[in-house]
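One structure is given here, and the rest of the page talks about it.
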Amino acid sequence: MTSSQRARLAQLRQEAVLSLISGSAPDIRPTVEEMVAMPLPLSEKYQEIDAESIVRENTANKPQPMDVLPAVSTALNILEKYGRNLVNPSKPKYWRTVKFNNPVFKTTVDPIQGGRSVLLLYGYSEQQKDGLSFPDAVQSPEADKVAGVTLEVMMLRVELEMLSKNTHPHPEVFSHVILAGVQQGAGEGSREDFGGLISDCVPFVGEKGGAGIPQPVTPNPVATVSASPSLSVTTLTGPVRAAAPTSQDCSVCGDPPSLSCTPCDGKLFCETCDQVFHGHPARANHKRGAIKQETCTMCGISAVSAHCPSCVQSLCSECDGRFHMHPGRAWHKRTPVALPRNPRIPGSPSLFSLLSSSSPPKVLRLRSLEEVGTPSSLLPPSQSPSLSQSLSQRSHWQCVACPTLNEARAVLCVGCERPRACKTAPPSTPEDKLQQISGSLAQQWSCQACTMLNLGCSVLCQACERPRLAARPSLPAIFPLPAPGLTPTTSSEKTATQPNWICSHCTFLNTNPGRICDMCDRTSQHPDPSPAPPQPRPQGDVPVQATQQPRPLLEPKETPPQPLLLPPSKATPPGKKDTPLAAQAASLSSQDEADWSRQEEMREEGLKLVKMIREAESSGFSPEQVFAAVHYSGTTEPCDWLRSELPLVLDALTELATSDLQGARLSRQEAVTAWEGAGGDLERAVKDAVRQRRAKMRSLRSLGFHDDAELVSALQVSGGDVGKAIVELQRHLLAPFHQRVWSEEEEDEPELTDPDRQKVLRRLLAVYELASWGRAELVLSLMLEQGGATYCLEDVVQAVRESADRDFIKRMLSTECAVCYAEFPQNRLRSLTSCQCTVCSDCFQQHFTIAVKEKHIRDMVCPSCSAPDISDEAELNSYFSTLDIQLRECLDDEVYQLFHKKLTEIVLMKDPKFLWCSHCSYGFIYEGDQLKVTCVQCRKSFCCKCKKPWEDQHQGLSCEDFQSWKRENDPQYQREGLAGYLKDNGIKCPECRYMYSLSKGGCMHFKCSQCHHEFCSGCNNRFHPANSKTPCQVPDCTLKATIHAHHPRDCLFYMRDWDVEKLRELLQKNLVAFNTDPPPGSQAGSCRVMMQKETADRLVDEPCEKETPAGHAGLCGSHYKEYLVSLINGHSLDPAPLYDLKDLETACRRYQVEYARIQGETDETYQPRILKKLMDSVPLGDKVPRKI
């Protein structure tokens, strides 16, 4: 690292910052890459952001840290855009605020660590409810500061992208950060089990010629590299090269090494040689790491001296002696392990001698069987390394849950008493502690030594303080274990050897093994041995004989005291010689006979008391009340006594206390508390109640309340609770304020022109509940500068509550109405859910009032953009459900009821039983099955099928037969001729079934005035408007951009272009009769068919009045064709046989029928073939009216 590189870095940084400020940021990518390529530490590259912490915190506790880098890079990309927006001269509208609920921010920046700290560096220092913002006093961000932070964010993003793609020129600058983060997340204890090697992470090794490509590290179980407390540099984990050094000694002097240097090709040095060798300026910045040796799996401190294949443990000499002194493990064969060359320092204390003279750690961590490999040798204890030497090779460790630095030998943290490998912080609140305890109870473990149930998070037993994995302690010499291979004892012998012991808490004599008392359910630390009453031994039993205990391989220095266990036999069987043990048991049992009886009496009394307490709890009484009742009255039925006598006792207590308090009466709650606290002693309860009442009075007087009558009344009302009494005493002081707050009279607005500005601001804060003093000042300044604006104080307050940005508030207070173009505050405008248009209240009310009174329900859309398209049924229901709420507030009751009536009609029209009256246009639902229907509104009758006014001749006839009868017998109908026929067979809406007595001539595009449904009057198919929300369902339709409908070939839309002779030819071929002469008595010369005509103002229904040619039955040409087509449709005649070849090919193209001519095919065979194909594949219209 040279000074020229530092100077170059500073020059590049200054150029990049100026480029960002000037707006030419896209050109600085080469500059950033040159800065990244410099082999400088992260601390010198990054001066604004803490790059090491960002990478370390995000890779911590991650099994694959390299997989996290793309997510961090993405988050840095978003943060870079925030910085670019701030230095951009044309900043975005909402640059002052960053919202945490923004989907992009929530999914990219928020999940990583350190993202919000970068925002603080940008200047977002004021905490909002849902994000961060610049302070109100800041008018614009500091460009130099923001550009510097943005540049470093870009650099870190580029470096992480290179790391994830294995293209970084110097990856070694990140290796210690990433691996340190992994070790921090995994915990010190979990990493040291593997010798400091992280198997699931590949460290970066910058070798010569390797182009900076990360290389995998080969594990080394003997010596690994870790962080050294004596060095200021951060070290790697695992060997630094794939090829380990051949020598395990110092490369300079040959002594045992303590450090390894990565830049020196992994050479090993002792501390003295390292100071001399790396004192040279060229090697002063080399990164070295301390060498760890394998430590004991039990204490985790001393070096391993022996491996035990039987229990799969690697132990030091001290732990090996302790652990294998148990008779069950004394026969294990251990194999020694070669110790390092530096011997144990003479006179240094051993592990257990040091622990016995000082406060020991609370647990000696035992590794699981899976964590330790198979050992191979045994070593005498005299050659074990000392504790001081082990501690010199091992650094202190920092607790993950709290920042306490602990000694190397400590297993529990001295600050939070959590295990070394614990990764979660201690609970900070009682609720967290309760949740932690409840979670730990679900993972309880039973101590193998004393059977005590302990919490899952504890390491030592709460009763015997033995480790979690420790086995049951060995039996005393009075009952030695049989040697391996001897015959086991019989069942009677096992019964005879069951221990008897006295509980150290309640002195109950227990007969079961263990340390949990049957009476008090508590655990005794050192139970006193005591025999049970002697019982005769069966004749067939074999007396217990002491057997030779096998000598342990390693003699323990001191045998811990063990409880004396005696068999519960009372007498020696006849004919048997008393053993010393039996004699001792007999002598002890005689002197404890009284204790046995006393404890049985205590046990019975305790069970009775427990029974009474449980009965009382089921009746709603507490154990304290039961105890006080029994102590006061001596009753055996405390529940009955508490129900009947306790109120009288409390009354007496209250009277006695009142006399002592000079008339100040106690509350019932105070009396109950004093009586329970005294345990039923009435005299003591009176004294306690008086003393407590006087203390409460003194406490209230110290707060400034001096009226004794008010104090007594407040304590009486509050039940003796001082806090509630204070609230009661303060109630009358707040009476004027409450009267003003809850008064029905409207409070006057603050006088904004008052010269006392502080008074006005305080009034604004109190009345309008503003968030801060700054918001109140903003309201006042906006009101004073409003000039001729139309907003009031409430409008400004509402806008200030939503934002603190002055420009944004001004835009909210002057929003333009989309109808009248006047400016109004945002809260006075209304908008529909279907669009973004904003309309003032007056325009909104006027538009919908006119739409309800004079237009159809489907015309109730936005007055500005006519949204939404109500032809979509799903959108119609959703739109009207929200519109109903808006109209209820702004429309008059009469208009709103009319709106509901129309809304109900449009729903009823979808019911197939709904009918429109042909006389008065009243709609109703008809449930009957008769043709004759009587309108409930006008009481007139009509036919429910043909909708014609009812006549008696219709009775018993179908609608077709009745129509034929009218044509033959009704003179009026005969005078109208075909005009009447066309009127009766007019247009019927397929959507709402409303009938129009109009002809179908003219434009075939018909729009129903009732439901606004657009359809073809010849075939009833829907007309699709251009770019409608209900698009055409015909595949590959080429007319979607225009208004169109798809007509069948027998629709009037196509057949009206035929000649009259061609239509008559089709009818004659199918033997269908048709009229050619006008009806007798009809007016000649003009067509009288009613049709809908469009005028300048509106659509009107008028007679056709066109000239009637001869042979057209008194109709004009278009209406006569309509008559002939109605006959064709009524008889379901197919017009395709009359198509010529050109018409036939046109029809095939229209209906997408393949009509390609076969090679060599003539017209005589081609036309019949495609005609048959068209008629077979494309049917006639299914919605075409078929009335005759």
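The values are calculated or read from the model by the stated rules, or taken from the named source; none is laboratory data. Everything numeric here is computed off the predicted structure, so don't read it as measured data. All Cβ positions, glycine included, derive from the backbone under ideal geometry; neighbour counts span all protein chains shown. Accessible surface is based on the protein model in full, side chains and every heavy atom, while ligands, DNA and RNA are left aside. Shrake-Rupley method; radii C 1.70, N 1.55, O 1.52, S 1.80 Å.
Just one of 737, 705 is free of Cβ contacts under 8 Å to residues at least 12 places away in the same chain and of a type outside the set (A, V, I, L, M); which is it? Before you say what the answer is, go through the steps one by one.
Working: 705 fails: free of Cβ contacts under 8 Å to residues at least 12 places away in the same chain.
After ruling out the rest, the residue left standing is 737.
Run residue 1180 past the list (1) modelled with pLDDT of 90 or more; (2) under 60 Å from the mean Cα position of the chain (by Cα); (3) open to solvent by 60 Å² or more (accessible area, probe 1.4 Å) and report the number of the one that doesn't hold.
Just one mismatch for residue 1180, condition (3).
Condition test on residue 811, is it buried (at least 16 other Cβ atoms within 10 Å of the Cβ) and over 35 Å from the mean Cα position of the chain (by Cα)?
Against the criterion (buried (at least 16 other Cβ atoms within 10 Å of the Cβ) and over 35 Å from the mean Cα position of the chain (by Cα)), residue 811 does not qualify.
Just one of the numbered conditions (1) part of a loop (DSSP other than H, G, I, E, B); (2) in contact (Cβ under 8 Å) with a residue 12 or more places away in the chain is not true of residue 754; which one?
Status for residue 754: all satisfied but (2).
Are any of the residues in the range 129-151 loosely packed, with under 14 Cβ neighbours inside 10 Å and small (Gly, Ala, Ser)?
The answer is yes; a qualifying residue exists.
Those residues that are assigned to a helix (DSSP H, G or I), of a type in the set (S, T, N, Q) and under 21 Å from residue 128 (Cα atoms), I need them from the range 798-834; list them, please.
So the first thing to find is which residues in the range 798-834 are assigned to a helix (DSSP H, G or I), and the list is 798-802, 806-813, 826-828.
Still in the list and also of a type in the set (S, T, N, Q): 798, 826-827.
Scanning the range 798-834 gives a single hit, 798.
Within the range 735-749, is even one residue closer than 21 Å to residue 669 by Cβ and open to solvent by 80 Å² or more (accessible area, probe 1.4 Å)? Reasoning before the result, please.
Narrowing the range 735-749 to residues closer than 21 Å to residue 669 by Cβ: none.
The answer is no; no qualifying residue exists.
Could you go through the range 608-620 and let me know if any residue there is among the charged types (D, E, K, R), open to solvent by 60 Å² or more (accessible area, probe 1.4 Å), modelled with pLDDT of 85 or more and closer than 22 Å to residue 720 by Cα.
no
Just one of 887, 908, 883 is open to solvent by 20 Å² or more (accessible area, probe 1.4 Å) and out of contact with any Leu (no Cβ under 6 Å at 6 or more places or on another chain); which is it? Break it down stepwise before answering.
Values: 887 fails: open to solvent by 20 Å² or more (accessible area, probe 1.4 Å); 883 fails: open to solvent by 20 Å² or more (accessible area, probe 1.4 Å).
So the residue among 887, 908, 883 that is open to solvent by 20 Å² or more (accessible area, probe 1.4 Å) and out of contact with any Leu (no Cβ under 6 Å at 6 or more places or on another chain) is 908.
If residue 253 satisfies all but one of (1) without any contact (Cβ under 8 Å) to a residue 60 or more places away in the chain; (2) surrounded by fewer than 22 Cβ atoms within 10 Å (Cβ to Cβ); (3) not in a loop (DSSP other than H, G, I, E, B), what's the number of the condition it fails?
Going through (1) without any contact (Cβ under 8 Å) to a residue 60 or more places away in the chain; (2) surrounded by fewer than 22 Cβ atoms within 10 Å (Cβ to Cβ); (3) not in a loop (DSSP other than H, G, I, E, B) one by one, residue 253 breaks only (3).
Quick one: how many residues across the range 64-104 are touching a Gly at 6+ places or on another chain (Cβ under 9 Å) and more than 26 Å from residue 21 (Cα to Cα)?
4
Select from the range 35-58 the residues that are more than 19 Å from residue 164 (Cβ to Cβ) and charged (D, E, K, R) and write down the one among them that is surrounded by the fewest Cβ atoms within 10 Å (Cβ to Cβ).
44
Scanning the range 1125-1182 for residues that are touching a residue at least 40 places away in the same chain (Cβ under 8 Å) and among the polar types (S, T, N, Q), which turns out farthest from residue 1112 (Cα to Cα)?
That would be 1152.
Exactly one condition in (1) modelled with pLDDT of 80 or more; (2) farther than 16 Å from residue 1123 by Cα; (3) loosely packed, with under 14 Cβ neighbours inside 10 Å; (4) of a type outside the set (Gly, Ala, Ser) is not met by residue 969; state its number.
Looking at each condition in turn, residue 969 falls short on (1).
Being touching a helix residue (DSSP H, G or I) at 6+ places or on another chain (Cβ under 9 Å), open to solvent by 10 Å² or more (accessible area, probe 1.4 Å) and in contact (Cβ under 8 Å) with a residue 12 or more places away in the chain is the filter here, so list the residues in the range 59-72 that pass it. Before the answer, list the steps.
As a first pass, look at the range 59-72 and keep what is touching a helix residue (DSSP H, G or I) at 6+ places or on another chain (Cβ under 9 Å): 59-63, 65-72.
This time we only want the ones that are open to solvent by 10 Å² or more (accessible area, probe 1.4 Å), so: 60-63, 66-68, 70-71.
Of everything in the range 59-72, those that are touching a helix residue (DSSP H, G or I) at 6+ places or on another chain (Cβ under 9 Å), open to solvent by 10 Å² or more (accessible area, probe 1.4 Å) and in contact (Cβ under 8 Å) with a residue 12 or more places away in the chain turn out to be 60, 61, 62, 63, 66, 70, 71.
Among 795, 842, which is the only one that is surrounded by 13 or more Cβ atoms within 10 Å (Cβ to Cβ), acidic (Asp, Glu), over 41 Å from the mean Cα position of the chain (by Cα) and in a helix (DSSP H, G or I)?
Numbers: 795 fails: over 41 Å from the mean Cα position of the chain (by Cα).
Matching residue, one of 795, 842: 842.
Do you know which residues across the range 258-301 are open to solvent by 30 Å² or more (accessible area, probe 1.4 Å), among the acidic types (Asp, Glu) and either farther than 24 Å from residue 40 by Cα or not in a loop (DSSP other than H, G, I, E, B) (or both)?
Across the range 258-301, the qualifying residues are 271, 294.
In the range 298-339, how many residues are modelled with pLDDT under 80 and under 24 Å from residue 397 (Cα atoms)?
Matching residues across the range 298-339 total 6.
Kindly establish whether residue 722 is open to solvent by less than 70 Å² (accessible area, probe 1.4 Å) and closer than 20 Å to residue 673 by Cβ. Outline the logic, then answer.
Details: open to solvent by less than 70 Å² (accessible area, probe 1.4 Å): yes; closer than 20 Å to residue 673 by Cβ: yes.
Yes.
Which helices (runs of 4 or more DSSP H) sit wholly inside the range 1035-1134 and have at least 2 residues that are within 26 Å of residue 995 (Cβ to Cβ) and open to solvent by 20 Å² or more (accessible area, probe 1.4 Å)? Can you show your working first?
Values: elements: 1052-1055, 1060-1069, 1117-1130.
Because the criterion is at least 2 residues that are within 26 Å of residue 995 (Cβ to Cβ) and open to solvent by 20 Å² or more (accessible area, probe 1.4 Å), the helices (runs of 4 or more DSSP H) in the range 1035-1134 that meet it are 1052-1055, 1117-1130.
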